[in-house]
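First the structure, in the form of structure tokens, and then the observations on it.
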Amino acid sequence: MIQEISLLAKDAEDNQIQNYAAWAISFLRSRWLLKNQSLHDDDSSQRISIDSTSFSPESLVWNLSLWLRDLNFEKPGDVVPVNTIATVLKCLTKAPRLPVIDWGVIVRRCMKVEAHIPHTSSNHQDPKLLREECLYFSLAHTDHISPLLQFLDDLTDLPRFRRLEMNMQSVLLQYLSHLMKLFSDSRSKKLYDDLTVYFYSLSSSYLDYSSEQRSMLRMSFWKGICKCLVELISEESDSFSHVKKCIECLLTLLNLCNDGQPEFMDEWSAAIKCLMVAPKSWLDDMLQVHNTASLGEGEHVDAAKKIIIRARLCSTGCVSALELGNIKTTILSTPADGVWWNVLVEVATAVYSADNGIKKQWLLDALDTGCVTAHPSTALRFVGLLCGSCCIYMPLLIVNPTNVLSDFPVTLPSFLSSSIWDDLRNSVADKLWLLTIRIYTWAEQLTRGEGLSCYDHIHESEADNATFLANMLRSTCIAVEDHLAADKQLKLANLEAL
């Protein structure tokens, strides 16, 4: 009968007929539940008798279960405090087994307890916590109590999930791996698809929350996916395609401030922990960064986000710093304004945590890049960050785009004083000299008013700092002149401050 009603409603053009069909199915379901309840009541005494033999009459679990079963919310003048019900549920959550009673009905009644609490009650916020305890209870016992599985299935259906309070949504998201163990493959796929729609749809009720609340929900989702990757899912499994879609959705929702700093640190931490356990080959493909010179503003921010994620994964030791080296030219040749300044900070932090060989290579390559790039100040800022993080003056330094250049004549020589540079100081000094000559010649021509703002392919946006960069590099060369050849020392002596 239900199937016939559904077919009629599906083919009907009149919405009223569909509404009637929905009501008819609802009535049929209620009738079926009443019939089953009658059968349940007929043998309830037998089941209670069986439970009585397996549970001592003095058993705490037995007595708390019966107390919950017999609780009457509608009895006038006898309202049980919500906190008491929540405490009983919390105790039963930790029980290894439960008596055979209708837990589905009990939990659903507890979920609706707010309707029986006067609005003038001083603890009118408590029902939210009680509903949360209902979730924890159901998650703990649903593997052997089928009505609780149906209860969780109802809650995770997208129309119902949208109407839940944020704390309950957060719990369900964090326990995603537990739900995956309980649900069938098709139901799990639907849940992944529903959650992607919930977070990514422009019409989702999720957008009604504040930015901080949305971040908290995303953080819960990251934690839930992380547990799925650790406990359940491998790259070869069918479920991984759905997890990939969820991760890609969440990555687009990770926010950066205007200066490139992650906006919500807890959410970023949860995301990095999740990506640490993701399959490496897929992760490497997903975090590919193309040449930023051809990217639009939105794509530029997306590239910055991917590099920051790579750098943080390197800092944790999850990914080798050699992988950052594959995009070294892009990192050091992009204008260091807006979000890109924080890209340099994150990459310098990652390189600092790498071994000495990688530090050496990054420093030498950054100086080489500064000799050819259209934005030499980016490479110089990176060198300043790296040297500042490794030198003895690090605790005293202020990290910002201007100071990191102002401190260059102090931080670079201090960094080179380390014994790891014994065989490379002359090479560093030579590269520094070439970069100094390039910047000094360009700045000198600008000072003379010759209008060569694009000298040697240096971008005109760098012109405002030309004199500052030239004088800074000249001072740095003087600090390391002992490692320059005699002819270069002589030329350095003839360079005057601009």
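Read-outs: derived from the displayed coordinates by stated rules, not from any lab. If you're wondering where the values come from, they're calculated on a predicted model, not measured in any experiment. Positions of Cβ are generated from backbone atoms using ideal geometry, with glycine treated the same way; all protein chains shown enter the neighbour counts.
Kirkwood Rh, the range 368-427, all Cα pairs: how many Å?
12.0 Å
What FRET efficiency do you get for VAL197 and ARG108 if R0 is 22 Å and r is their Cβ-Cβ distance, rounded to the nearest 0.05?
0.30
Can you pull the one-decimal nm distance between simple spin-label points at VAL100 and LEU207, each 7 Å off the Cα toward Cβ?
5.1 nm
Between HIS290 and ARG425, what FRET efficiency comes out of the Förster formula 1/(1 + (r/R0)^6) with R0 = 30 Å and r the beta carbon distance, rounded to 0.05?
Rounded to the nearest 0.05, the efficiency is 0.25.
Once R0 is set to 35 Å, what does the formula 1/(1 + (r/R0)^6) return for the Cβ-Cβ distance between THR316 and VAL399, expressed as a FRET efficiency to the nearest 0.05?
Between THR316 and VAL399 the formula returns 0.95.
Run the numbers for LEU490 and LEU129: contour at 0.36 nm per residue of separation, minus the present Cα-Cα distance, in nm.
The LEU490-LEU129 span can extend by a further 122.2 nm.
Give me the one-decimal nm value for the distance between modelled label points at GLU323 and VAL80, 7 Å along each residue's Cα-to-Cβ direction.
Modelled inter-label distance: 5.3 nm.
Taking H placed 1.01 Å from N in the peptide plane, check which residues at least 5 places from LEU256 or on another chain put their amide H under 5 Å from its amide H.
Placed amide hydrogens put GLU263 under 5 Å from LEU256.
Given 0.36 nm per residue, what is the gain on full extension from GLU460 to SER59 after removing their alpha carbon distance, in nm?
Between GLU460 and SER59, full extension yields 136.2 nm more.
Enter the mean projected area of the convex hull around the alpha-carbon atoms of the range 212-269, in nm², rounded to one decimal.
4.2 nm²
Determine the sum of side-chain charges near VAL404: Lys and Arg each +1, Asp and Glu each -1, restricted to other residues whose C-beta is under 15 angstrom from that of VAL404.
Neighbour charge sum, excluding VAL404 itself: -3.
Between LEU434 and ILE392, what is 0.36 nm times their sequence separation minus the Cα-Cα distance? Round to one decimal in nm.
Contour length minus Cα-Cα distance gives 12.5 nm.
What list of ³J(HN,Hα) values in whole Hz, one per residue of the range 491-498 in order, does the Karplus curve 6.51 cos²θ - 1.76 cosθ + 1.60 (θ = phi - 60°) give from phi, with Gly and Pro shown as x?
Using θ = phi - 60°, the values come out as 5, 5, 5, 8, 7, 9, 5, 8 Hz.
Excluding ASP368 itself, what net charge comes from residues whose Cβ is under 13 Å from its Cβ, given Lys and Arg +1 and Asp and Glu -1?
Net charge in that neighbourhood comes out at +2.
Let's test this: bin the Cα-Cα distances of the range 156-277 at 5 Å from zero up to the farthest pair and state each bin's percent.
Cα pair-distance distribution for the range 156-277, in percent: 2, 11, 23, 26, 20, 12, 5, 1, 0.
Dimensions of the range 341-498 along principal axes (Cα, Å, largest first)?
Extents along the principal axes: 45, 37, 26 Å.
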